[in-house]
Structures are given as structure tokens and as C-alpha cells.
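Trainee: The following block contains the structure, expressed as C-alpha cells.
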Amino acid sequence: MKPGFVDIHSHILPGIDDGSASIEQSVEMLKVAAGSGTACIVATPHANSQYTYDRAAAQALLQQLRALASPDLELELGCDFHLSYENVSQAITDPGAFAIANGPFLLVEFSDLNIPPNTEAAFDQLQRAGLIPIVTHPERNPLLRNSTDRLRRWVDSGNYLQLTAQSILGQWGPEARSSSLQWLNEGLVHFVASDAHDPTGRPPRLDTAYEFLATHFNEDLAATLTAVNPAAAIAGYRIDRGPLPKPQRPRKWYQLWR
């Protein structure tokens, strides 16, 4: 894999969910990704009550986009997996049906209206089937935003957390940003991804989030969340789930003697 950002969550496939509406828009999104330093992007269509996930159809669309993308940009396939009974049952039977790049890592999203009471049991079932859940954008979920203890339990039991790049920058509101920064400070975050849906409003960019993290925390953390861990997930490598070392902000020159 070429050096650069690795974006494990995007809706770049055309006409398949609430993301890109056309091939032309998808190509424009890919140009934005490549132009802002992304070396690999994962197409992750929704699999929920509104959108049926068809792996073969998604793979065919991905092949079309690969032919139109810059040679400097790699494309992989995953899924934005809703934790429903039907989805969990299918994933247990066929673990590769939803996972990132046919590996063990699986993006898991939750409804804003309900966190199933059997969530921990479902996570355990997925893990026993060989899958490793990554909880997507909890900072944007009003039921999870103030549930740090629950998220910490999920991480301690072998799951991972992914924040949206725009949340860190405040573009999903002050509450999402505050939760993001709290979890970053507590070492609970393992991935930052774009969750891109279009070229401009929700673009496939990680560069500005990287710059923020490098400036307000440190470059090692910024690279870990936007490149190192995401690349490991695509390759199927185990990632230290934490708690990660608490990031230390760079000290000012006048603090060096304190």
C-alpha cells in the first residue's frame, strides 16, 4: 500500500445508498480523496432497514470506479453494518460478507433511536465468528455521546472506535466535537475516517483532521488514527485496542524548563 491516508469509511459507490448519486459524483469524490493525500479508500455502503447490502453488486460498482480512479488511489470494499438480528445472523454464517477487504474488521453503526439491549452479546457472537467490530461515529449518536463508560467496556471487550474527521473539526456540532476530544484524550479512539457522502459537504478528506490532531496532540497519534491503524485493518492485522497511551499535547518552548 502506498504511503498516505487510509479512509476506512465512505459512501463513494453511486446510487446504492444515501451517498454518491452518480458515477460522475463518485469520480469527483475520488479526485478529492487523492488530491488531499488519501492513498486508499474503503467503500462502505449501508446495510440497514432502508438499504439492502448486495456484496456482489457493490463489488461490480467498485470495479467500475477502480477503472476511473487515479492509479495512486487504491479502492477496497466494506460495509456500514447495522446491528440488526438479520445482519448479525448472516455475518456469523458468512463472516466475509460485510467485512473490510474480506478481512476480520467490520464497521458497525447504531440507530440514533435505540441501542439494542443485546449489543454486547451480538459483539461476542461476531467476535466468535472471527470478526472484529469497529463502532462508527459514536460521537454523532445522541445515545452514545454521553456513554463513555459503555464505550470503554466495548473497547475493553475487544471492539474498536472510529470517529468522523469532520466531528473533530466541529462540523457536526459542539457536542460531537466535545465527545471526540474527550475520547481522544482518554485514548479510546482507534480510527478517524471521513464517512464521505459527497465531494463538498461531506467530502472524503482526512488531511485537515490529521493537521488538527498533529497540532493539538502529536504527529504520532495523527498518523496512527488516519494511516497506520486503518492500513492494518485493511491488511487484517490485529491492532492494540487500548486503552491507547493518552496523547500528550506538544509543549510550548517556554514550558520546556517546567
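What follows draws every value from the coordinates through simple rules; no lab data is involved. These numbers come from a predicted model, not from an experiment. Here Cβ is always computed from backbone atoms with ideal geometry, including for glycine, and neighbour counts include all displayed protein chains.
Trainee: Sorting check: for 119-126, 219-226, which peptide has the highest mean count of neighbouring beta carbons within 10 Å, and how do the rest follow?
Mentor: Ranked by mean Cβ neighbours within 10 Å, highest first: 219-226, 119-126.
Trainee: Further question on the same structure: With a ≥ b ≥ c the root eigenvalues of the C-alpha gyration tensor of region 1-50, is it rounded (a/c under 1.5), prolate (a/b larger than b/c) or oblate?
Mentor: oblate
Trainee: Tell me the relative contact order for region 79-244 as a rounded percent, counting alpha carbon contacts under 8 Å between residues six or more apart.
Mentor: Dividing the mean separation by the residue count of region 79-244 yields 19 percent.
Trainee: Give the span of region 1-135's Cα atoms along each principal axis, as three whole-Å numbers ordered largest to smallest.
Mentor: 43, 29, 26
Trainee: Something else about it: At 222 nm, what value in deg cm²/dmol follows for the chain if DSSP H runs of at least 4 each add -39500 (n - 2.57) and the sum is divided by all its residues, to the nearest 500?
Mentor: Helix contribution divided over all residues of the chain: -10500 deg cm²/dmol.
Trainee: Distance from the Cα centre of region 111-163 to that of region 1-62, in angstrom?
Mentor: First find each Cα centre; the distance between them is then 23 Å.
Trainee: Okay, next question. Can you tell me the convex hull volume per residue for the chain, based on C-alpha atoms, in Å³ to the nearest whole number?
Mentor: 124
Trainee: Can you give me the long-range amide H partners of Ile132? Hydrogens built in the peptide plane at 1.01 Å from N, cutoff under 5 Å, separation of 5 or more residues or another chain.
Mentor: Distant-sequence amide H within range of Ile132: Phe105, Leu106.
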